[in-house]
Amino acid sequence: MSSIAVYPGSFDPITLGHIGVYRRALGLFDELHLLVVHNPSKTPTFGAEQRMELAKKSLIEAGVSLEKLRLGLLEDGLLVNYCKSIGATAIVKGFRTAADIEYELPMAQVNRDIASIETLFVPAEAGLGYVSSSLVKQVAELGGEIDRYVTQSVKTALDERFKS
Ligand code: PNS
């Protein structure tokens with residue numbers, strides 16, 4: 001039986017922090033779905049299709065193998081229902097600080113309660129623990145340097161999005 005996991009998020013846009021988590025979780029599963037999820041509490045900068053495309057391009061640019069990659073989109077409904085529909089038994093989440101764990105832990109517990117899906121927390125890579133999509137967007141919008149936080153594709157997309 002193959003082991004399947006889902007790495008969900010807004011990925012608006014994907015950062016090198018996300019890519020580090022994806023890369024490190026890869027070795028643990030036979031398939032790792034990168035799932036772009038609509039989060040109703042956020043207004044996205046990029047459309048869902050573009051977020052998926054940027055995620056795939058960025059993984060290629062970062063030299064991550066696509067062999068185990070499956071790209072998905074969840075526009076509404078429960079994450080655990082998506083997991084069940086593809087036979088996934090685990091959710092992968094990255095965390096940067098204790099605040100991330102505090103935010104994620106209740107979701108992990110509820111997901112286990114209602115669907116017996118476990119959550120695996122992968123720590124952010126050293127040096128990327130403070131990177132978030134929203135911070136990167138803010139710096140890009142104000143004309144700052146973001147090369148160390150994102151791939152070239154994402155940088156180009158942000159330049160395009162924020163050009164005046
Ligand atoms: O990158 P984000 O926006 O922090 O990701 C959060 C996300 C989208 C993964 C989370 O909000 C989620 O799992 N949404 C799916 C809906 C769902 O299953 N909600 C119940 C969680 S217990």
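Output the relative contact order of the chain, whole-number percent, from Cα pairs under 8 angstrom with separation of 6+ residues.
On the way: 235 pairs, mean separation 49.3, N = 164.
Reported relative contact order: 30 percent.
Suppose every Lys and Arg Cβ carries +1 and every Asp and Glu Cβ carries -1, with no other charges. What dipole size does segment 1-126 come out with about its Cα centre, to the nearest 20 debye?
My answer is approximately 160 debye.
Using r as the Cβ-Cβ distance of Asn81 and Phe162, and R0 as 41 Å, what FRET efficiency do you calculate, to the nearest 0.05?
0.70
Got a sec? Which residues in segment 138-163 would a label at Leu71 touch, if it sits 7 Å along Cα→Cβ and we count backbone N under 19 Å?
Label zone hits: 150-161.
Please state the equivalent ellipsoid semi-axes for segment 61-145: what are the square roots of 5 times the Cα gyration tensor eigenvalues, largest first, in whole Å?
27, 18, 14
What spacing in nm lies between the two simple spin-label points modelled at Leu120 and Ala62, each 7 Å away from Cα in the Cβ direction?
The two pseudo-label positions are separated by 1.6 nm.
Work out the charge dipole of the chain with +1 on the Cβ of Lys and Arg and -1 on the Cβ of Asp and Glu about the Cα centre, then indicate which of Ser41, Ile101, Ile114 is farthest towards its positive end.
Positive-end residue among those listed: Ile101.
How far apart, in nm, are two points set 7 Å out from the Cα along the Cα-to-Cβ line at Asp113 and at Leu28?
Here the answer is 2.3 nm between the modelled labels.
What lysines sit close enough to Lys93 to cross-link, taking a C-alpha to C-alpha distance under 29 Å and skipping anything fewer than 8 places away on the same chain?
Excluding near neighbours in sequence, the set is Lys42, Lys56, Lys57, Lys68, Lys84, Lys137, Lys155.
Once you have the Kirkwood Rh of segment 10-164 from its Cα pairs, apply Stokes-Einstein at 20 °C and 1.002 mPa s and quote D in µm²/s.
Calculated translational D: 132 µm²/s.
Given contacts defined as C-alpha pairs under 8 Å and at least six residues apart, what's the relative contact order of segment 1-95, whole-number percent?
Details: 134 pairs, mean separation 40.5, N = 95.
Here the relative contact order equals 43 percent.
Please list, ordered by chain and number, the residues whose modelled amide H lies under 5 Å from the amide H of Gly9; skip anything fewer than 5 residues away on the same chain.
So Gly9 has HN proximity to Leu35, Val37.
Under a point spin-label approximation (7 Å from Cα along Cα-to-Cβ), what is the Glu104-Lys42 distance to one decimal in nm?
1.3 nm
Are there DSSP H segments in the chain that both extend 18 Å or more along their axis (alpha-carbon positions) and score a mean Kyte-Doolittle hydropathy of at least -1.0? List them, or say none.
For the chain, where a helix must reach 18 Å along its axis and average at least -1.0, the hits are 48-61, 98-115.
Starting from the amide H of Thr45, placed 1.01 Å from N in the peptide plane, find each other amide H under 5 Å away whose residue is 5 or more places distant or on another chain.
none
Remind me, what semi-axes does segment 117-163 give for its equivalent ellipsoid, largest first in whole Å, using sqrt of 5 times each Cα gyration tensor eigenvalue?
Those come to 25, 12, 10 Å.
Once you keep just the Cα pairs under 8 angstrom separated by 6 or more residues, what percentage relative contact order results for segment 1-44?
Relative contact order here is 58 percent.
Counting only other residues whose beta carbon sits under 14 Å from that of Asp159, what net charge do I get with K and R as +1, D and E as -1?
Taking every Cβ under 14 Å from that of Asp159, the sum is 0.
In what order do Phe46, Phe162, Phe95 fall by count of nearby beta-carbon atoms within 10 Å, going from fewest to most? Show your work: numbers first, answer last.
On the way: Phe46 22, Phe162 13, Phe95 18.
Placing the least packed residue first, the sequence is Phe162, Phe95, Phe46.
Would you list Ser58, Ser3 from fewest to most Cβ contacts within 10 Å?
Listing Ser58, Ser3 from fewest to most nearby Cβ atoms yields Ser3, Ser58.
Read-outs: derived from the displayed coordinates by stated rules, not from any lab. Model, not experiment: these values are computed from the prediction. Positions of Cβ are generated from backbone atoms using ideal geometry, with glycine treated the same way; all protein chains shown enter the neighbour counts.
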